[in-house]
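Just so you know, all these numbers are worked out from the coordinates, no wet-lab data involved. Model, not experiment: these values are computed from the prediction. Methodologically, a virtual Cβ is constructed for each residue, glycine included, from the backbone with ideal geometry; neighbour enumeration extends over all protein chains shown.
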Amino acid sequence: MLRWEPGMAVSRFMSTRVVTGERPAIGKGSFKRGGLGGTAFLMYVGFFTLLPVALSVTFLPAAIELLLRFGIETRFPVRLVLTLAESAAIVLVYIRALRWQGRLLEARQQQILDIVTREID
């Protein structure tokens, strides 16, 4: 029988954060839709399509434990160890993604400041 473990929730949450990112669909402080261009929309749809692939990785520890139960009787917590390893790997990928996004933001920082500080005629 498959059990729910806190590590599974953490790994699922982190994997969705890495794949989808956080893009608001509604502009802050208003009920207007946020400006989502065609390329951004296609990227969002592509990432949303890849979401089941990213989430399927979180089921591997449970699947491996289930396969081992059919062949070998063991009292070793296989799923716990695999879930902890998976969570650590996902956190490392998340940290790398944050660093990459930070470098992109730093490269565009001057453009963003010019837009934000532009006077309205």
Item checked: Difference of contour (0.36 nm per residue) and Cα-Cα distance, THR117 to LEU104 -> 2.7 nm
Next item on the list: On each of the three principal axes of the Cα atoms of the stretch 45-92, give max minus min coordinate, whole Å, ordered largest first.
Entry: 44, 23, 8
Check: Looking at the stretch 32-112, which GluC sites (Glu not before Pro) are in a loop (DSSP not H, G, I, E or B) and have at most 10 other Cβ atoms within 10 Å?
Finding: GLU73
